[in-house]
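Here is the structure we will look at.
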């Protein structure tokens, strides 16, 4: 149907359909449903347990559910100081605000803390994001860790080898961790960590239990995808063929990926120039008129106007008689006549 995704006839949860469309995560979809923003066939949905089929018409805030784009995955090198969120209540900068405006709406596969850097997977498919972040998927996540060894810190092969059986810290059970000591650097040590689940602040909590304080944490790989030489803040898309091969049939089937859908090209957002400020602009705003704005350069060129530098270069020289008016020419002529001739003595 027009404006809708093609869904199987057996029906699927509406929150799952919304997530796969790249609008939001399943959790956010459930909050939208609870707020009464989602309707099916003209009736507001009361529960996220509602199932829909390809013949149903889904609307969010009165707008039809957009056509589902093909499943896409991006590798993003998250810098330190950015929050893995679409919006932060504290006003801190987010990763999504720093992405190019030509990209589709993306969802992160899991999260990285504000001080953690490195590889973060982003996708437009909410179903894929949910499957990849589950520990049951079995994808290994590798980190490089720099930690400070305090006066009571202890780190050695025995302590690191014990992490392979898992560890309980403050009542929280962490799964098996592969850890190795790479090198010592003064009072700091560099470690390699690998795990198949990513609980909140897992690396920092585990090393803190051993008396080490993490001062730098870099994720270098997530499953088959590597950070490599990707620069901080850069983003790179995984080719569809490579993505299909790396996911495999099992994960692709569980996530309900769609590699045959359209790929929508988005034009960059054009931002208006800042309007002129001052009393004149404020007066126009008070009178209900738009502030004056200098037209773009291409519009000025079409209107026959030129930049100030070009006008100055083409202006007449100082001695050009066409540059001065008639009164000034008359005064100069009188002064010239009063001057004595050169070489004549008085």
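Can you name the residue in region 244-265 that is out of contact with any helix residue (DSSP H, G or I) (no Cβ under 9 Å at 6 or more places or on another chain) and not in a helix (DSSP H, G or I) and is also modelled with the lowest pLDDT among such residues?
265
Given the criteria surrounded by 13 or more Cβ atoms within 10 Å (Cβ to Cβ) and modelled with pLDDT of 95 or more, does residue 235 qualify?
yes
Any residue at all in region 127-137 that is over 30 Å from residue 255 (Cβ atoms), modelled with pLDDT of 90 or more and touching a strand residue (DSSP E or B) at 6+ places or on another chain (Cβ under 8 Å)? Please lay out each step first, then the result.
Taking region 127-137 first, the residues over 30 Å from residue 255 (Cβ atoms) are none.
There is no residue in region 127-137 that is over 30 Å from residue 255 (Cβ atoms), modelled with pLDDT of 90 or more and touching a strand residue (DSSP E or B) at 6+ places or on another chain (Cβ under 8 Å).
Against the conditions (1) buried (at least 17 other Cβ atoms within 10 Å of the Cβ); (2) modelled with pLDDT of 90 or more, where does residue 213 fall short? Just the number, please.
Exception for residue 213: condition (1).
Looking at region 147-157, is at least one residue outside the structural domain of residue 247 (by TED's automatic domain parsing) and in contact with a helix residue (DSSP H, G or I) (Cβ under 6 Å, 6 or more places away or on another chain)?
yes
For residue 191, are the conditions met, namely being outside the structural domain of residue 133 (by TED's automatic domain parsing), crowded, with 19+ Cβ neighbours inside 10 Å and either part of a strand (DSSP E or B) or out of contact with any helix residue (DSSP H, G or I) (no Cβ under 8 Å at 6 or more places or on another chain) (or both)?
yes
Would you check if there is a residue in region 209-218 being under 26 Å from the mean Cα position of the chain (by Cα) and under 28 Å from residue 105 (Cα atoms)?
The answer is yes, given that some residue of region 209-218 is under 26 Å from the mean Cα position of the chain (by Cα) and under 28 Å from residue 105 (Cα atoms).
Residues 144, 201: which one is within 28 Å of residue 251 (Cα to Cα) and either in contact with a strand residue (DSSP E or B) (Cβ under 6 Å, 6 or more places away or on another chain) or crowded, with 16+ Cβ neighbours inside 10 Å (or both)?
144 is the lone residue from the list that is within 28 Å of residue 251 (Cα to Cα) and either in contact with a strand residue (DSSP E or B) (Cβ under 6 Å, 6 or more places away or on another chain) or crowded, with 16+ Cβ neighbours inside 10 Å (or both).
Can you run down the residue pairs with Cβ atoms below 7 Å, 6 or more apart or on separate chains, where the first is in region 85-110 and assigned by TED's automatic domain parsing to the domain that holds residue 133 and the partner is loosely packed, with under 15 Cβ neighbours inside 10 Å and at pLDDT 90 or above?
93/81; 98/233
The values are calculated or read from the model by the stated rules, or taken from the named source; none is laboratory data. Predicted model only: the values in this text are computed from it and were never measured. All Cβ positions, even for glycine, are placed from backbone atoms using ideal geometry, and neighbour counts span all protein chains on display.
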